[in-house]
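First comes the structure, then the notes that go with it.
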Amino acid sequence: MKIICIGRNYAEHAKEMKSEVPTEPVFFMKPDTALLKDGEAFYYPDFTKDLHHEIEVVIKINRVGKHIEEQFAHKYYEEIGLGIDFTARDLQAQCKAKGLPWEKAKGFDGSAPLGRFVSKSQLGDLNGIAFELKVNGQSRQVGHTKDLLFSFDRVIAYVSKFVTLKVGDLIYTGTPEGVGPVVIGDRLQGYLNGDLFLEFEVK
Ligand code: MG
C-alpha cells in the first residue's frame with residue numbers, strides 16, 4: 001500500500017505557510033513504514049528540532065483504479081478516518097530553499113499516525129465533516145471539509161491520472177490552519193465530528 005498526501009488543500013493553511021494557494025492538487029507520498037497505528041507511541045526523531053502536527057482527514061481506497069472520473073470517484077472509498085502528517089518543518093524549509101524534494105521531512109518512519117475508520121455513510125454530508133486536534137487537552141487545529149480547495153472526489157480523479165490507486169491505499173487529504181510544534185510528553189487526540197478517532201503520545 002502507499003500513502004498519498006495532499007498539500008495546501010486548505011487556503012488558510014497555505015497562507016500560514018506563506019505558500020501560494022494552488023490551482024490544482026499538490027500531492028506527495030510517504031512509504032508504508034511511515035504508518036503508526038493502534039495508538040502506538042511516536043518517538044521524536046533526533047534529526048529535527050521543529051516537528052509539526054498536521055491533522056488530516058484520511059480516506060481509504062477500496063477498489064483499484066486509474067484515470068478515475070470525478071463523478072465516479074465516490075465508488076473508490078467507503079471508509080474515512082483521521083491521521084497526522086508529521087512534518088519536520090526545519091528540514092522541509094531547508095529542502096524548499098534548495099528546491100529539493102521534501103521526502104526526508106515528511107516520509108520518515110512513524111510520520112503518518114493513523115486512527116480508526118468509520119463508514120462514510122455514518123458521517124452524513126462529506127462536505128460537512130468537522131475535525132479537530134487537541135494536544136494535552138487543548139484545541140490546536142479545527143478544520144471543516146467544506147473549506148477543502150479540492151474535494152475527496154477531485155483529489156482521487158487528479159491523483160489517479162498519474163498513479164494507479166490500489167486497495168488499502170490511504171489518502172491524507174490536507175491540513176487546515178493551526179499547524180505547530182509538538183514536544184516529548186505531548187498527548188495528541190484527534191476528533192471527527194466530535195468523536196475520538198486517534199490518540200497517542202509523543203515519547
Ligand atoms: Mg499535510
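The values are calculated or read from the model by the stated rules, or taken from the named source; none is laboratory data. Note that this is a predicted model, so its numbers are computed, not measured. Heads up, the Cβs are rebuilt from the backbone with ideal geometry, glycines too, and the neighbour counts pull from every protein chain shown. For the accessible areas, the whole protein counts, side chains as well, though only heavy atoms, and no ligand, DNA or RNA atoms are used. Shrake-Rupley method; radii C 1.70, N 1.55, O 1.52, S 1.80 Å.
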Contact list, first residue from region 15-42 and among the hydroxyl-bearing types (S, T, Y), second anywhere and open to solvent by 90 Å² or more (accessible area, probe 1.4 Å) and not in a strand (DSSP E or B), beta-carbon distance below 6 Å, six or more apart or interchain, is T33/D109
Regarding region 126-145, can at least one residue be identified that is away from the ligand (no atom under 16 Å from the Cβ), open to solvent by less than 20 Å² (accessible area, probe 1.4 Å) and either modelled with pLDDT of 95 or more or basic (K, R) (or both)? yes
Pairs only if they're at least six apart or on different chains, beta carbon under 9 angstrom, first in region 160-175 and on the phi > 0 side of the Ramachandran plot, second away from the ligand (no atom under 16 Å from the Cβ) and assigned to a loop (DSSP other than H, G, I, E, B); list them, first residue then second. G168/M1; G168/N62
Check off (1) open to solvent by 10 Å² or more (accessible area, probe 1.4 Å); (2) under 29 Å from L91 (Cβ atoms) for T164 and give me the number that stays unchecked. (2)
Within region 2-24, of all residues that are among the hydroxyl-bearing types (S, T, Y) and either open to solvent by less than 70 Å² (accessible area, probe 1.4 Å) or in contact with a Phe, Trp or Tyr (Cβ under 8 Å, 6 or more places away or on another chain) (or both), the one farthest from the ligand (Cβ to nearest atom) is S19
